[in-house]
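Beneath this line is the structure, given in structure tokens, with notes to follow.
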Amino acid sequence: MAAPAVDRLPAALARRIALAAQGLADPRPTGVVDSRQLRRVTDRVAVVQIDSVNVLSRSHYLPAFSRLGAYRRPVLDAFTARRSEVFEYWAHEASYLPVRLHPCLRWRMAAAEEHAWGSMVRIQRERPGYVAEVLDRVRETGPTKASDLAEPRPDRPGTMWNWHAGKVALEWLFYTGVLTARARTTSFERVYDLTERVLPAAVLQTPTPEPADAVRELVRTAARALGVATERDLRDYFRLRPGPARAAIAELADAGELLPVEVTGWGAPAWLDPAARRPRWVRARALLSPFDSLVWERPRVERLFGFRYRLEIYTPAAQRVHGYYVLPFLLGDRLVARVDLKSDRQAGVLRAQATHAEDGVDRAEVAEALAAELRLMAGWLELDDVAVAERGDLAADLTRALTASPADVA
């Protein structure tokens, strides 16, 4: 059989395809956002990463804001609390996922000793009796938080992974799928319960696919969410291992569900979702969480946008280039700026602590659009004002735009 013809995509078209696949080429809704729009976002991106950093907002709120505008956050709280819609598990990282994907991740749960890490694997090997006791407690007493099992902390504080034994046991049981997250507390602590008491019966009764079939569905889902992607992009979306991911890609390509393409300047073979939209233009305006699925894989961001992006949370303050919690700013189909944002909840101010423009952009145009988006975000976060610090080469233009333009947050 002859090899399929390889289509050649200009880099700009590949970028627009990627934005459309991620839901960033659509106009934002003009009416009240409800669960239908949130479901569409979740179904489209498939993986909404969860992170505990709250300097601006919990990260899982931001992808919907980027795509839908100033929706009411309690609507998302209600949506994520419905386990008929989403569940929590380790996908790209800790994530909300559509419940339809639960059967496709059971192979990972079953092979937890191969895929989980460090203390989780050790506690199961070294203290299996304790893990069984924790499971019995959850079974008998119901929903359980790690703080309910708190013990004195280890002697080496200072890392988020330095969990006490109760937390480690709960996380092992969570990774294996025996427990799942029933809810999150107001302080964002995970509440664990037996999976059989949380997820819908229809999901639990869905037959478990063979691992190869499950991986193929995960690659298929990643391809739809990415639009056009390299092999690395496709396997990184769900943190798949190279061998099974390559086999799945080959099978999908043979079936015509992935089309081989060459993207100008990418320097690596790529794959196109045949159903991907090919917009002629994109008129987006969005601030993107560092954990947004459009930008979480940094090499892909460089290929798509020529935008070198690094998360500097764990970089010493004096060595940071752009700031602590930096959001890329999407305007049209380009990443044109980045802004280090903080919610000063006590003062009621959204603080732009550093603002930098990309080379070659129209700074006045970027500043005006960014001013509008920051006002929109401030209102969404129930903050009264936007304040711009002097740090960054776009700060002066942004200050002028905020001062000169009316408070139009459309």
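The values are calculated or read from the model by the stated rules, or taken from the named source; none is laboratory data. All values derive from a computational prediction rather than experimental measurement. Every residue, glycine as well, gets a Cβ built from its backbone with ideal geometry; the counts of neighbours run over all protein chains shown. For the accessible areas, the whole protein counts, side chains as well, though only heavy atoms, and no ligand, DNA or RNA atoms are used. Shrake-Rupley method; radii C 1.70, N 1.55, O 1.52, S 1.80 Å.
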At each listed q (0.24, 0.28 Å⁻¹), what is the log10 of I(q)/I(0) that the Debye formula gives for region 22-97 modelled as equal alpha-carbon point scatterers?
-> -1.25, -1.59
Any idea which of VAL228, ASN54, LEU398 is furthest toward the positive side of the dipole for the chain, if Lys and Arg beta-carbons carry +1 and Asp and Glu beta-carbons -1?
-> VAL228
Amide H contacts under 5 Å for TYR325, placed H, 5+ residues apart = LEU341
Using just the alpha carbons, could you tell me how many Å³ per residue the convex hull of the chain encloses?
-> 159
Calculate the dipole size of region 68-159 relative to its Cα centre from +1 charges on Lys and Arg beta carbons and -1 charges on Asp and Glu beta carbons; express the result in debye to the nearest 20.
-> 280
Expressed as a whole percentage, what fraction of the accessible surface of the chain belongs to carbon and sulfur atoms when a 1.4 Å probe is rolled over the protein heavy atoms?
-> 50
Report ³J(HN,Hα) in whole Hz for each residue of region 199-209, in order, from the Karplus equation J = 6.51 cos²θ - 1.76 cosθ + 1.60 where θ = phi - 60°; Gly and Pro get x.
-> 7, x, 4, 4, 6, 5, 8, 5, x, 7, x
Average accessible area per residue (Å²) across region 281-385 - probe 1.4 Å, nucleic acids and ligands excluded = 41
Name the residues of region 332-373 whose amide N is less than 18 Å from a point 7 angstrom out from the Cα of ALA389 along the C-beta direction?
-> 338-357
Highest-MSF residue in the chain out of GLU114, GLU85, GLU231 [GNM, Cα springs under 10 Å] | GLU114
Under 16 Å from the VAL32 label point (7 Å along Cα→beta-carbon), backbone N, region 49-64 | none
Report the residue, chosen from ALA378, ALA201, ALA337, that carries the largest GNM mean-square fluctuation when the chain is represented by alpha-carbon nodes joined by springs under 10 Å.
-> ALA201
GNM of the chain, Cα pairs under 10 angstrom: of ALA371, ALA214, ALA347, the biggest fluctuation goes to ALA347
What are the residues whose amide H is under 5 Å from the amide H of LEU179, where those residues sit 5 or more places off or on another chain and H is modelled from the backbone?
-> PHE174, THR195
Given 0.36 nm per residue, what is the gain on full extension from GLU365 to ARG298 after removing their alpha carbon distance, in nm?
-> 21.5 nm
Roughly speaking, what is the centre-to-centre gap between region 344-410 and region 271-300 when only Cα atoms are used, to the nearest Å?
-> 23
Could you size up the charge dipole of region 1-91 around its Cα centre, putting +1 on the beta carbon of Lys and Arg and -1 on that of Asp and Glu, and report it in debye to the nearest 20?
-> 220
Given unit charges at Cβ for Lys, Arg (+) and Asp, Glu (-), the dipole magnitude of the chain about its Cα centre in debye, nearest 20, is 280
Diffing region 220-236: the Karplus 3J(HN,Hα) column from phi (6.51, -1.76, 1.60, θ = phi - 60°), in whole Hz with x for Gly and Pro, holds 4, 5, 5, 4, 5, 6, 9, x, 9, 7, 7, 4, 4, 4, 5, 7, 5
How would you classify region 280-371 from its alpha-carbon gyration tensor, with a ≥ b ≥ c the square roots of the eigenvalues: rounded for a/c under 1.5, else prolate if a/b is greater than b/c, otherwise oblate?
-> oblate
From the backbone phi of region 342-358, what are the Karplus-calculated ³J(HN,Hα) couplings (6.51 cos²θ - 1.76 cosθ + 1.60, θ = phi - 60°) in whole Hz, Gly and Pro given as x?
-> 9, 8, 8, 5, 5, 8, x, 10, 8, 9, 8, 7, 7, 9, 10, 9, 7
Pick out, in residue order, every one of the chymotrypsin sites (Phe, Trp or Tyr not before Pro) in region 39-134 that is DSSP loop and has at most 14 other C-beta atoms within 10 Å; say none if there are none.
-> TRP117
If you take the charge dipole of the chain about its Cα centre, with +1 on Lys and Arg Cβ and -1 on Asp and Glu Cβ, which of GLY177, ALA201, TYR130 is farthest toward its positive end?
-> ALA201
